[in-house]
């Protein structure tokens, strides 16, 4: 009788990378729904377009790298990357902007570094930062929430949006559907105080609810991921806390010049970043302690870039900067192992 | 019920324990053949006490422990020893190991065994020895010899005894059933352990999924005099890991690289307690244990009390295995157990479970995917490591970093691999890294050792070379000085006796001697062969002898006058010494010749004897001359301390004498009769000469010392010299101790004698000078 010889353990949890990715996709549903409801079909179209491109690019590059297609495509990581990029770019961004972004994310930021698990930077954020710098006009033309467009639910129709994205409609048409975001308004307010800006801006006084709702939706998705133990609380909570603390300090010090903490937490990409972007395990810090440092640093950087930087939102830059710092954070954030009085630090060995 | 703490991480795999707890523990049928591995425990393998063909009785010791950490082995049933040799054993390596094979005779006949009446009256040492003789080793998994743990009280203060009844691995119910059915034995065992270790607190750690067992234990413990706590811990793998259970029950962490006893805690498995009970109260050695036979490939999962050495096949048959469904056979639990490749592998002391799994139950692991650093492994790691980092370091062979991340604190529980969404066999990577590091370390140690040896050798060679160089220089200087002295002497001799051509005379004498020798040889040859004109030859020899004598006489007469004049002319004692030595050599040769002649029974003995006596005279004369000269020299040294007396040469002379003397003595022992007496004579002479030489040396030395004293000696230099001489002596002694070759030894001994003398002399000199 000859039986199989294998090393322990002999049982495995029914768990797979594909499953993890599926759960992440599931968790984005509330956010996507909110975006679609408040900003129109653009988001959905972008997601589908980006996902198609991502799968195509991934397949092509896998072919070039002579890797088994089915095995790697089935992990779903490309689709998650595409989705995160698609919800970050403006709903009316032209098709080629998305195409460039997905190409950069999948081919350059991911596969040129060695594929899944090897990329030092968050692919979606690399792509977003590149697009933001290369195509500032297209990338800052965010859609106005439908409440500003009149009674009912006056979003652009599905076909019109499709046309706008794929370049068959005049610029003038969708100019009527786009506007500044709350962060833009507050950033480029001239010499006005926060309160004056708030009163003058339609987006701030009437449209802010849309952003609040979208943030709440992302937050819901995040809670779901936490509940399913796909992510740990360390990075998101520390990021949100750090941002809130910074905002509170400055708001308390000078409410006329700085926005209130709730505004920071509930607008822009704060919630999306906290639960979906900085929790990307590959490019973030490794240990629980490391993730706390990682998240908190991103929170502080987001506040700094939003308040004093050139760009209204600084999530992408903050994340990329901390991706850069993650290996260093790892060196100094080992946990204290069982039976050790102190945690090890540094490189170890002779150094 | 006391407080229970928590350890980091842990997982909740499907328990699968219910299947095997439906029926009580059943005795497994007696197998036909039993395979007993000599190594079932941690430590040294036991050494067999029986031979092939012996009949053994149940409970008879068949292998004894080797060293402190080892366990004995007993025959589980009566039968015949069939073989002792390699057989497959349950080990992760899949390699074979030495086993004693017993063919049972079916009678199951016990050897005489006796319980201990009252163990509390026994010396603890005796009781522990009894447990050791019963071959008890930890039955939880590692198989650590139990007696070693019971001795811990000697050098550790044990305040807490933890009985591990957690049984956290899925499928296994052996301990659970044991608690349900034999709780009183467990208590008895705990009493014995407690008697030996005297802990202040005893805790039984048990997972909350064993309510029946908990209940039974509580019943038994009612009214127990011991301070025993049943601590129910939440079901979470690996709560039964020793370190994890200690953390759970006491909130103390065992420091990395230490043992629980270092923090005053001893852990014993619940199965071990019953084994101890049976050993003490029934005198039964460890020959059977409860084994859970379970898995989807057996029809009746159950617990069997199996004899150690029972092949798995017998147990699987007893549980009605579906042969065609069996896909994977695991010994131990599904998390840390090892697969076995066929069913002839025997039950050993640590076999708590056999899982006969179908392919659906334990499918092969899916292909490994890329690590996405999701960190799920980190969340479940009970040792609070960073499994994902360890994986990267192991894969990249960055072992330094892996060590820095505490790789060696990994207990290989498999929790990380269990949760890994990328199906990475993480534990395998860690085992690989650990073994690589261990190999590296072993090689490093070897290399260090080799380097040390090489450096030591290099240093020794350099030292020897330097010493040789120093000796060579000293010799060269000596030679130069001698040359100078000879030149001076020659000049002196030339002025004293210008007419006499000593060297010409010498040559003539030598030629005459050679002729004599040739003639003698021819004569000998003729005599032996009985041919030729012997008388003519004899005449020739006679003639040659005469001429040689004449030549020698002429030389002597030429030589002699120079002797007395020499000292007056400030002459060379050395030359005299040489002359004396030459005379002695001649004497010796003559003696040899004589002896030779005597041996062969040749004639012309008288002549030879006469020559010998002449030679002896001459030698004496030469000696006398030498001594006179020496005396003169020493007196002159006294007068002029600066005059160079060759102390060294003298000393050498003395030592040479001594060596000769020794050799002669040694030679003497081998001789008998006539020869002996002759040799004894020669020896006596040698002794005398030695004494003389010694005297001469001492006199010279005394003179030198006196001179030195008169002059005010450089004490410091003396001291240094003395120290160096002492060092030389010790070195030689050491060398002597190391050398084994006979010849080398002899020469070393001689050297040592010289060195010792020198050291002694120097010391003496030093002492003489020191008071002043």
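Nothing in this text is a laboratory measurement; each read-out follows from the coordinates by a stated rule. Predicted model, so just to flag it, every value in this text is computed and none were measured. In this analysis, Cβ positions are derived from the backbone assuming ideal geometry, glycine residues included, and neighbour counts consider all displayed protein chains.
Packing around the peptides B:385-393, A:221-229, taken as the average count of other Cβ atoms within 10 Å per residue, puts them in this order, highest first: B:385-393, A:221-229.
Diagonalise the Cα gyration tensor of chain A and give the resulting equivalent ellipsoid semi-axes, square root of 5 times each eigenvalue, largest first, whole Å.
36, 27, 17
Once you divide the Cα radius of gyration of segment A:1-102 by 2.2 N^0.38 Å, the number left is 1.42. Residue by residue along A:224-235, Cβ atoms of other protein chains within 10 Å of the local Cβ number 1 on average. All distinct Cα pairs of segment B:376-437 go into the 1/r average, and the inverse of that average, the Kirkwood radius, is 11.1 Å. Averaged over peptide B:357-366, the number of partner chain Cβ atoms lying within 10 Å of each residue's Cβ comes to 3. With N counted as the residues of segment B:284-437, its alpha-carbon radius of gyration over 2.2 N^0.38 Å works out to 1.22.
A crude spin-label estimate for the pair residue B:5 and residue B:656, with each label 7 Å from Cα along the Cβ direction, gives 8.5 nm. Across all directions, the average flat footprint of the convex hull enclosing the Cα atoms of chain B is 56.6 nm². Calculated on C-alpha atoms, the gyration radius of segment A:201-303 divided by its Kirkwood radius gives an Rg/Rh of 1.01.
Can you give me the relative contact order of chain B as a percent, contacts being Cα pairs under 8 Å and 6 or more apart?
Reported as a whole number, the value is 10 percent.
Relative to the longest principal axis of the Cα atoms of chain B, helix B:534-568 runs at roughly 90 degrees. Just check segment B:369-490 against the gyration tensor rule for me: Cα atoms, a ≥ b ≥ c as the square roots of the eigenvalues, rounded for a/c under 1.5, and otherwise prolate or oblate depending on whether a/b exceeds b/c. Cα axes put segment B:369-490 in the prolate bin.
By the compact-protein rule of thumb, 2.2 N^0.38 Å, the alpha-carbon radius of gyration of segment B:290-337 corresponds to a ratio of 1.07. Protection proxy ranking of B:348-354, A:264-270, B:190-196, by the mean of other Cβ atoms within 10 Å over each peptide's residues and highest first, is B:348-354, A:264-270, B:190-196. DSSP beta bridges confined to chain B are antiparallel in about 60 percent of cases.
The ranking of B:439, B:765, B:173, B:578 by Cβ neighbour count inside 10 Å, starting from the fewest, reads B:439, B:578, B:765, B:173.
Site pair residue B:208 and residue B:445 shows an inter-label distance of 4.6 nm when each label is modelled 7 Å from Cα along Cα→Cβ.
Packing order of peptides B:179-186, B:34-41, highest average first: B:34-41, B:179-186 (average count of other Cβ atoms within 10 Å over each peptide's residues).
With 22 Å as the cut-off, how large is the P(r) tail for segment B:332-412, expressed as percent of Cα-Cα pairs?
On the way: 1524 of 3240 pairs.
Value for segment B:332-412: 47 percent of Cα pairs lie more than 22 Å apart.
Every pair of different Cα atoms in segment B:191-346 enters the Kirkwood calculation, which places the hydrodynamic radius at 18.3 Å. Once the Cα atoms are used to define both axes, helix A:77-88 deviates from the longest principal axis of chain A by about 20 degrees.
With semi-axes defined as the square roots of five times the eigenvalues of the C-alpha gyration tensor, the equivalent ellipsoid of the protein assembly as shown measures 98, 49, 29 Å, largest first. Each distinct pair of alpha carbons in segment A:203-256 adds a 1/r term; the inverse of their mean, the Kirkwood radius, is 13.2 Å. Per the Debye formula on identical point scatterers at the alpha carbon atoms of segment A:276-332, with no solvent, log10 I(q)/I(0) at q = 0.25, 0.26, 0.27 Å⁻¹ is -0.92, -0.97, -1.02.
Residues B:218, B:123, ranked from the fewest to the most other C-beta atoms within 10 Å, line up as B:123, B:218. Among A:48, A:203, A:102, a tally of other beta-carbon atoms within 10 Å of each Cβ gives an order, fewest to most, of A:48, A:203, A:102. A Cα-only calculation for segment B:105-183 places Rg and Dmax at 16.1, 48 Å. Size check on segment A:17-179: the Cα extents along the three principal axes, sorted descending, read 53, 31, 25 Å.
Roughly what angle does helix A:123-134 make with the longest principal axis of chain A, taking Cα atoms, 0 to 90 degrees, to the nearest 10? In chain A, helix A:123-134 runs at an angle near 40 degrees to the longest axis. Taking a ≥ b ≥ c as the square roots of the eigenvalues of the Cα gyration tensor, segment B:163-268 is oblate, since a/c reaches 1.5 or more and a/b is not larger than b/c.
Across all directions, the shadow cast by the convex hull of segment B:62-106 built on its C-alpha atoms averages 3.9 square nanometres.
Calculated on the alpha-carbon coordinates, the convex hull of segment B:18-357 measures out at 127 cubic angstrom per residue.
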